[in-house]
1. Quick check on my filter: what residues within segment 135-147 are more than 23 Å from Leu98 (Cβ to Cβ) and aliphatic (A, V, I, L, M)?
2. Filtering segment 133-151 down to residues that are more than 13 Å from the ligand (Cβ to nearest atom) and within 14 Å of the chain's Cα centre (by Cα), which residue is farthest from Leu92 (Cα to Cα)?
3. Which one of these is in a strand (DSSP E or B), within 27 Å of Val87 (Cβ to Cβ) and of a type in the set (Val, Ile, Thr): Val143, Val196?
4. Of everything in segment 157-181, what is surrounded by fewer than 16 Cβ atoms within 10 Å (Cβ to Cβ) and either under 14 Å from the mean Cα position of the chain (by Cα) or within 14 Å of the ligand (Cβ to nearest atom) (or both)? Give them in sequence order.
5. Go through (1) more than 23 Å from Glu105 (Cβ to Cβ); (2) more than 14 Å from the ligand (Cβ to nearest atom); (3) among the charged types (D, E, K, R) for Glu154 and report which single condition fails.
6. Residues Glu28, Glu34: which one is within 20 Å of Leu183 (Cα to Cα), away from the ligand (no atom under 15 Å from the Cβ), in contact with a strand residue (DSSP E or B) (Cβ under 9 Å, 6 or more places away or on another chain) and free of Cβ contacts under 8 Å to residues at least 60 places away in the same chain?
7. State whether the residues of segment 99-113 include one that is in contact with a His (Cβ under 9 Å, 6 or more places away or on another chain), within 13 Å of the ligand (Cβ to nearest atom) and of a type outside the set (Lys, Arg).
8. Determine if segment 124-131 includes at least one residue that is of a type in the set (Val, Ile, Thr), modelled with pLDDT of 95 or more, part of a helix (DSSP H, G or I) and within 15 Å of the ligand (Cβ to nearest atom).
Amino acid sequence: MLKPLPKIGILGSGSGSNFASIARAIAETRLHAEIALVLSDNPEAGILKKASALNIPAEALPQSKFRTKLEPEIEALAAEKLIMAGVEWVVLAGYMRLIKAPLLERFPNRVINIHPSLLPAFPGLEAWTQALEAKATVTGCTVHWVDAGMDTGEIIAQAKVHVLESDTPASLHARIQVAEHTLYPATLERLLHPEVHR
Ligand code: GAR
């Protein structure tokens, strides 16, 4: 009998290009998973429109009064929705708030993030701008386990991107995103199916 596909829930705040790369990898059978639910802290986020266009359940969370995290009750509601949807893995894709106990305790060792730098370098916002300001010659992206800190969890995989002298923040971020769109689905496939990818 075929094993059921592992169900993932995706949280994002922005345009959703990483979500789209994961959905594409699933459609092309490079990633064996089902996206059971997409949640956003931003009702206007492109990720919600992209998910709805693919008929994937997508919902905005209630408005938060904080900027860097959710109220514990809103995060608990997000966890509840993910559990009700049968989610086993929580995948952050451009989610711009810290994750705290309500989600971490319900999904222990099951929350994964992608960050646009070679962590531990340049945690936090606009990592590509930080790389340019630091005159780094190499930056990239990192897939890591999520803990309650800011981009501090254990590193799972990284991809390098060279910084060009002509780079602007936008051009560097665009090349980092190209790397993200390959690294994230491939890393998820290895994490979700370790028995196949030894
Ligand atoms: C991505 O580059 C992602 O790495 C970054 O936000 C962008 C979201 O783009 N995430 C962070 O900076 C988290 N600290 P997307 O909405 O098109 O996937």
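The values are calculated or read from the model by the stated rules, or taken from the named source; none is laboratory data. Small disclaimer: the values here were computed from a predicted structure and weren't measured. Heads up, the Cβs are rebuilt from the backbone with ideal geometry, glycines too, and the neighbour counts pull from every protein chain shown.
1. Result: Ala136, Val138.
2. Residue satisfying both the conditions and the ranking: Asp147.
3. Val143
4. Listed by number, the residues that qualify are Pro169, Ala170, Ser171, Ala174, Val178.
5. (1)
6. Glu34
7. Filtering segment 99-113 down to residues in contact with a His (Cβ under 9 Å, 6 or more places away or on another chain) leaves 112-113.
Pick out the ones that are also within 13 Å of the ligand (Cβ to nearest atom) and you get 112-113.
Within this subset, residues satisfying the condition of being of a type outside the set (Lys, Arg) are 112-113.
Yes, the conditions are met somewhere in segment 99-113.
8. Checking segment 124-131: at least one residue is of a type in the set (Val, Ile, Thr), modelled with pLDDT of 95 or more, part of a helix (DSSP H, G or I) and within 15 Å of the ligand (Cβ to nearest atom).
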